[in-house]
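For reference, the structure discussed in these notes is given below.
The values are calculated or read from the model by the stated rules, or taken from the named source; none is laboratory data. None of the values given here were measured: they were computed from a predicted structure. A quick note on method: Cβ atoms are made from the backbone with ideal geometry, for glycine too, and the neighbour counts reach across all protein chains shown.
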Amino acid sequence: MKRIAVLTSGGDAPGMNAAIRAVVRGAIYHKMEVFGIERGYEGLINGNIDKMEVCSVSDIMQRGGTCLKTARSKRFMTPEGFGKAVETLERYEIEGLVVIGGDGSYRGGLELAKAGKTVIGLPGTIDNDLVYTDFTIGFDTAVNTVLSAIGNIRDTSSSHERGTVIEVMGRRCGDIALYAGLTGGAESILIPEEPVDMDAICETLIQGKNRGKMHSVILRAEGVEISSEELAETITQRTGIDTKIVVLAYIQRGGSPTARDRMLASRMGYRAVELLLQEGMTSKAVGIKGDEIVSYDLEEALNMKKTHDKSLMNLAKILSI
Ligand code: F6P
């Protein structure tokens, strides 16, 4: 394989730049030509594609976001848009495409794979919602950003003796809430994978208040059935604790990637190149299991079913008594 391309798609994630750098430099090291496609599949449709050199990826490793920009392309899902995207790949004689993104981006990649293209998926999303990999690029940074916010909120909420519902991202996967909640000592964590037990939440808060706790943090993933507003109101009514709401939103998607995310992105980016160098390579999804970088058939990876491991939630409950 001599000519490859890379794009980022869907929500940006810290570490995407480190992944782009690893793909570009890894490819050039192995004497391949590498092209960057701007704005994900939208750019592929529009032909926003440029050759990248070693210096194209200088000074980006430490930056959040993606230097290739990103988009959620609706046009790619139409036969016309898809056809144009395939045309661009053919016009530039791209033999392998590296797609850095989450579930939706992978599904786009799978369509290209079905049309005979070789696609390597790198998991770039803060949500950690790709089932086949233990961790996605950007998740660790997002968790650390939420942790830092929890620290700030504790300062003010303990001064005012308040409770705070902190809403974090995660529509179908509660990992950001779970990891930040456990490591940030939240009194309650609400994730979409588990039903909401309002009695247990209020009981924990009342117990804490009776022991003289000055503040409480309730971490709620955005995909949870009860809204932050309803949650805060119910807590205030049932416990007497004045409860505010903080929605962290896009703050948790930006910022300089942690060492862990840069390492993951560098290892996975280079693995994408190694896969593309293999004779007769078919489309793959790169992931991490334990500390090992692994790869699966793209379709097989997307079809894996999520099993919710309750052990971390149980630990968080035990430690927040
Ligand atoms: O998939 C990443 C993510 O940040 C989700 O956590 C969130 O629900 C969504 O993207 C927000 O999407 P948008 O950037 O389109 O508002």
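General remarks:
- Hits in segment 206-250 - residues which are closer than 17 Å to Asp175 by Cα, surrounded by fewer than 19 Cβ atoms within 10 Å (Cβ to Cβ) and of a type in the set (A, V, I, L, M, F, W, C): Val247, Ala249
- In segment 57-71, residue nearest to Gly26 (Cα to Cα) [restricted to those that are crowded, with 18+ Cβ neighbours inside 10 Å and among the hydroxyl-bearing types (Ser, Thr, Tyr)]: Thr66
- The strands (runs of 3 or more DSSP E) falling completely within segment 220-299 that include 1 or more residues that are more than 24 Å from the chain's Cα centre (by Cα) and more than 16 Å from the ligand (Cβ to nearest atom) map to 243-247.
Yes or no, residue by residue, for (1) under 17 Å from Pro257 (Cβ atoms); (2) hydroxyl-bearing (Ser, Thr, Tyr):
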{"residue": "Ile126", "(1), (2)": "yes, no"}
{"residue": "Ile137", "(1), (2)": "yes, no"}
{"residue": "Thr141", "(1), (2)": "yes, yes"}
{"residue": "Arg154", "(1), (2)": "no, no"}
{"residue": "Glu161", "(1), (2)": "no, no"}
{"residue": "Gly170", "(1), (2)": "no, no"}
{"residue": "Gly174", "(1), (2)": "no, no"}
{"residue": "Leu182", "(1), (2)": "no, no"}
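- Unique match (being touching a Gly at 6+ places or on another chain (Cβ under 9 Å), surrounded by fewer than 22 Cβ atoms within 10 Å (Cβ to Cβ), basic (Lys, Arg) and closer than 23 Å to Ala19 by Cα) among Lys117, Lys84, Lys74: Lys117
- Residue in segment 89-110 that is closer than 24 Å to Pro257 by Cβ, small (Gly, Ala, Ser), in the same structural domain as Gly287 (by TED's automatic domain parsing) and surrounded by fewer than 20 Cβ atoms within 10 Å (Cβ to Cβ) present: yes
- Taking residues in segment 261-287 that are within 20 Å of His30 (Cα to Cα), and partners anywhere that are of a type in the set (Asp, Glu) and surrounded by fewer than 24 Cβ atoms within 10 Å (Cβ to Cβ), the pairs with Cβ atoms closer than 9 Å and at least 6 places apart or on different chains are Leu276/Glu95; Thr282/Asp297; Ser283/Asp297; Ser283/Glu299; Lys284/Asp297.
- Filtering segment 80-119 to residues that are in contact (Cβ under 8 Å) with a residue 40 or more places away in the chain, of a type in the set (Asp, Glu) and more than 16 Å from the ligand (Cβ to nearest atom) leaves Glu93, Glu95.
- Some residue of segment 11-21 being within 16 Å of the ligand (Cβ to nearest atom), in contact (Cβ under 8 Å) with a residue 60 or more places away in the chain, under 16 Å from the mean Cα position of the chain (by Cα) and surrounded by fewer than 24 Cβ atoms within 10 Å (Cβ to Cβ): yes
- Gly15 touching a Phe, Trp or Tyr at 6+ places or on another chain (Cβ under 8 Å) and not aliphatic (A, V, I, L, M): no
- When Val273, Val294 are checked against the criterion of being out of contact with any helix residue (DSSP H, G or I) (no Cβ under 8 Å at 6 or more places or on another chain), hydrophobic (A, V, I, L, M, F, W, C) and closer than 30 Å to Val34 by Cα, Val294 stands alone in meeting it.
- Residues of segment 56-79 satisfying the condition of being over 18 Å from the mean Cα position of the chain (by Cα) and more than 19 Å from Val99 (Cβ to Cβ): Ser58, Asp59, Pro79
- Residues (more than 16 Å from the ligand (Cβ to nearest atom) and closer than 20 Å to Ile206 by Cβ) located in segment 151-171: Arg154, Ser157, Ser158, His160, Glu161, Arg162, Gly163, Thr164, Val165
- Within segment 131-148, the residues that satisfy the criterion of being of a type in the set (A, V, I, L, M) and within 13 Å of the ligand (Cβ to nearest atom) are Ile137, Ala142, Val143, Val146.
- Failed criterion for Asn128 (all others in (1) within 12 Å of the ligand (Cβ to nearest atom); (2) touching a strand residue (DSSP E or B) at 6+ places or on another chain (Cβ under 9 Å) hold): (2)
- Candidates Leu298, Leu302 - the one that is modelled with pLDDT of 95 or more, closer than 24 Å to His30 by Cβ and surrounded by 18 or more Cβ atoms within 10 Å (Cβ to Cβ): Leu298
- Pair list, Cβ < 8 Å and 6+ apart or interchain, from segment 195-212 residues that are more than 17 Å from Ser228 (Cα to Cα) to residues that are part of a loop (DSSP other than H, G, I, E, B): Thr204/Glu187; Thr204/Ser320; Thr204/Ile321; Gln207/Ile321; Gly208/Glu187; Lys209/Gly240; Lys209/Ile241
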